[in-house]
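This report concerns only the one structure given below.
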Number of protein chains: 2
Amino acid sequence: MTKLVVGGAQMGPIQKADSRELVVARMIALLEQAAAQGVQMLVYPELALTTFFPRWYMTDQAEVDAWFEREMPNPATLPLFRRAGELGVAISFGYAELTPEGRHFNSSILTNRAGEIIGKYRKVHLPGHVEYQPTRGQQHLEKRYFEPGDLGFNVWRNEGVVMGMAICNDRRWPETYRCLGLQGVELVTIGYNTPSVNGHMKSEGREERLYHSELVMTSGAYQNATYVVGVAKAGVEDGYPLMGGSIIVDPNGFVLARAAGEGDEIILAECDFAKCAFGKTTIFNFAEHRRIEHYGRITAQTGAVVDV
Amino acid sequence: MTKLVVGGAQMGPIQKADSRELVVARMIALLEQAAAQGVQMLVYPELALTTFFPRWYMTDQAEVDAWFEREMPNPATLPLFRRAGELGVAISFGYAELTPEGRHFNSSILTNRAGEIIGKYRKVHLPGHVEYQPTRGQQHLEKRYFEPGDLGFNVWRNEGVVMGMAICNDRRWPETYRCLGLQGVELVTIGYNTPSVNGHMKSEGREERLYHSELVMTSGAYQNATYVVGVAKAGVEDGYPLMGGSIIVDPNGFVLARAAGEGDEIILAECDFAKCAFGKTTIFNFAEHRRIEHYGRITAQTGAVVDV
């Protein structure tokens, strides 16, 4: 009968010129605000420490690497971990990770309530493209600056709850939730940076994209009987609008809390993880109802093959 | 640039005493109504020819088999196929199939606009249970009366459109849509019989169940950039309420048409299948973005395994 008050720390825009220290100070302010409201587990956005730099086309690797963290915690982020530990709030946030071997990932970490890192995730579903695309309304160069995550989808038990992480575009793929659901996940944390306008079709704006974002997170929650917390970096960043729409979803697919604006904002909900059991033992009792003998294409075949 | 006017023939209740001939006459009336409105492809519910008999616990196999069709078309249904061919309307409907070998499936067929069967599907995800369960508000004995489908998820090209079928509970499983999406599906037909109250939890009523039904079909459509038409048998059948909520969903996940009531009712929408290309070539370009090396659990493991 585990309950936790889960919060989402939606963040307003981070401009190119903003230092890590400035951003971490904002994150600590959000943490304190959340803790004062009883939050025990707080989720921040994807790439929470910087502007969403994959919108910028860069050819100088040193310029690219300036957006990455070489260790975590590091001097700029240590105050956040320390304050979280003092307040007893578990946290998860995203950042650009540069490994000692020189590999680049779009990553996130999960801590326990002592502020210690217990899990790391590296984004599997990188959207966008590698080269400059002049026909796009804006660039989305994640495939240029990151490798696809090499760790897969994992879960950790934290405060008694089975937690998994995903990042941004991962949330649109039902495989993400299912890989976690097959490990009994009860809380999926998802940070995102989502442009308010589709780079391929500028008529697809904020309202439609908020609908899609909520659709995939609510269905992922329902179909795996898990809580989902999705947290945006929002507002106008370097002249480019990012949508908000941070939500906390219950294991029945219903939205418990939703951000109102596009700035720094805490949403929260008390999550009773015993409620995951109903779906997991009835309509989504995987052991009773899944038929893996007919799912072969899902893992055998990457792209669509039309042969009729 | 293929367009078709797609319809859903929602059906009101069919009582235990209603003959096949009576039901087929209703189906022909719906067909004629749809054709008069320009419908070129019409989808009927699951088990469209009879009451939803899996709500009844039976031990006499002859009594069970009376609900099954031994051939398709058969004398009772032939007038429907003939009239569909005359009107040039492709159809799909569900029925209980008893094979010459004595096997039982929850099946559906697909015809071309000449009224000829071009495809058959056998329901993969059977919900419910095998034995009588006294704690349930109502029985749901699909696992007793049917074998799981043995044909998998297939597509057929019909009037230029790549079509696939699923039945009722299949719609709640993202694997269903993905197996079809990996074959380039552009229209998924889904018939269903869904009790208005959850047999495991009577506080879960019509409103919540309509939300779930729409959630899974809209997300399945969006995540695979396909049209989906979901068609209910609805109303109070033998004293048990079935929900309606028939919908036609576009490849962007938006509902184009929705049934208003719980009786016999046509819904329709012009579907421009060229609109499937946008999602299939951008955000859901599977070849570019899927990462099957991390999806192994989906096909390797039926049930959830919690090892943290």
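What the table shows:
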{"read-out": "Evaluation of A:F273 against (1) surrounded by 17 or more Cβ atoms within 10 Å (Cβ to Cβ); (2) under 30 Å from B:P195 (Cβ atoms); (3) within 11 Å of chain B (Cβ to nearest Cβ); (4) out of contact with any Pro (no Cβ under 6 Å at 6 or more places or on another chain) (one fails), failing number", "value": "(3)"}
{"read-out": "Selection status of A:D250, more than 16 Å from the chain's Cα centre (by Cα), away from every other protein chain (no Cβ under 11 Å) and surrounded by 20 or more Cβ atoms within 10 Å (Cβ to Cβ)", "value": "yes"}
{"read-out": "The lone exception for A:Y177 - which of (1) assigned to a strand (DSSP E or B); (2) within 15 Å of A:Y227 (Cα to Cα) it fails", "value": "(1)"}
{"read-out": "Residues satisfying the stated conditions in region A:107-135, i.e. buried (at least 17 other Cβ atoms within 10 Å of the Cβ), under 18 Å from A:L180 (Cβ atoms) and either free of Cβ contacts under 8 Å to residues at least 24 places away in the same chain or within 13 Å of chain B (Cβ to nearest Cβ) (or both)", "value": "A:L110, A:G119, A:Y121, A:R122, A:K123, A:V124, A:H125"}
{"read-out": "From the options B:V64, B:V5, residue that is among the aliphatic types (A, V, I, L, M), surrounded by fewer than 20 Cβ atoms within 10 Å (Cβ to Cβ) and assigned to a helix (DSSP H, G or I)", "value": "B:V64"}
{"read-out": "Qualifying residue in region A:78-86 (condition: assigned to a loop (DSSP other than H, G, I, E, B) and either surrounded by fewer than 22 Cβ atoms within 10 Å (Cβ to Cβ) or more than 21 Å from the chain's Cα centre (by Cα) (or both))", "value": "no"}
{"read-out": "Pair list, Cβ under 6 Å, 6 or more apart: region A:221-240 residue on the phi > 0 side of the Ramachandran plot, other residue buried (at least 24 other Cβ atoms within 10 Å of the Cβ) and not β-branched (V, I, T)", "value": "A:A225/A:P251; A:A225/A:C276"}
{"read-out": "Single condition B:I91 does not satisfy, out of (1) crowded, with 24+ Cβ neighbours inside 10 Å; (2) part of a helix (DSSP H, G or I); (3) not hydroxyl-bearing (S, T, Y)", "value": "(2)"}
{"read-out": "Residue within region A:280-301 that is touching a Phe, Trp or Tyr at 6+ places or on another chain (Cβ under 7 Å) and surrounded by fewer than 19 Cβ atoms within 10 Å (Cβ to Cβ) present", "value": "no"}
{"read-out": "Failed criterion for A:V162 (all others in (1) in a strand (DSSP E or B); (2) under 19 Å from B:A287 (Cα atoms) hold)", "value": "(2)"}
{"read-out": "Single residue of B:V188, B:V155, B:V161, B:V130 found to be in contact with an Asp or Glu (Cβ under 7 Å, 6 or more places away or on another chain) and hydrophobic (A, V, I, L, M, F, W, C)", "value": "B:V161"}
{"read-out": "Long-range neighbours under 8 Å by Cβ, at least six apart or interchain, first residue in contact (Cβ under 8 Å) with a residue 24 or more places away in the chain within region A:61-79, second among the charged types (D, E, K, R)", "value": "A:F68/A:E97; A:E69/A:E97; A:M72/A:E97; A:A76/A:R20; A:A76/A:E21; A:T77/A:R20; A:T77/A:E69"}
{"read-out": "In region B:254-279, the residues that are farther than 14 Å from B:Q10 by Cα, out of contact with any helix residue (DSSP H, G or I) (no Cβ under 8 Å at 6 or more places or on another chain) and not hydrophobic (A, V, I, L, M, F, W, C)", "value": "B:E270, B:D272, B:K275"}
{"read-out": "Residue ID - farthest from the other protein chains (Cβ to nearest Cβ), chosen from residues in region A:139-166 that are surrounded by fewer than 17 Cβ atoms within 10 Å (Cβ to Cβ) and under 30 Å from A:T59 (Cα atoms)", "value": "A:E147"}
{"read-out": "Odd one out for B:L49, checked against (1) within 15 Å of the chain's Cα centre (by Cα); (2) part of a loop (DSSP other than H, G, I, E, B); (3) in contact (Cβ under 8 Å) with a residue 60 or more places away in the chain", "value": "(3)"}
{"read-out": "Members of region B:236-270 that are farther than 15 Å from B:T218 by Cβ and of a type outside the set (A, V, I, L, M)", "value": "B:E237, B:D238, B:G239, B:Y240, B:P241, B:G244, B:G261, B:E262, B:G263, B:D264, B:E265, B:E270"}
{"read-out": "Residue that is within 10 Å of chain A (Cβ to nearest Cβ) and touching a Pro at 6+ places or on another chain (Cβ under 6 Å), where the choices are B:A287, B:A225", "value": "B:A225"}
{"read-out": "Single unsatisfied condition, B:R171 versus (1) out of contact with any strand residue (DSSP E or B) (no Cβ under 6 Å at 6 or more places or on another chain); (2) at pLDDT 95 or above", "value": "(1)"}
{"read-out": "Within region A:200-219, considering residues that are within 27 Å of A:G152 (Cβ to Cβ) and within 8 Å of chain B (Cβ to nearest Cβ), the one surrounded by the most Cβ atoms within 10 Å (Cβ to Cβ)", "value": "A:S219"}
{"read-out": "Single residue of region A:177-198 satisfying the filter (at pLDDT below 95 and more than 9 Å from chain B (Cβ to nearest Cβ)) that is nearest to A:F52 (Cα to Cα)", "value": "A:P195"}
{"read-out": "Residue identified as farther than 17 Å from A:S219 by Cα, aliphatic (A, V, I, L, M) and either without any contact (Cβ under 8 Å) to a residue 24 or more places away in the chain or surrounded by fewer than 24 Cβ atoms within 10 Å (Cβ to Cβ) (or both) among B:V188, B:V197", "value": "B:V197"}
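The values are calculated or read from the model by the stated rules, or taken from the named source; none is laboratory data. Quick caveat, the model's predicted, so the values are computed rather than measured. Note: ideal-geometry Cβ built from the backbone for every residue, glycine included; neighbour counts use all protein chains shown.
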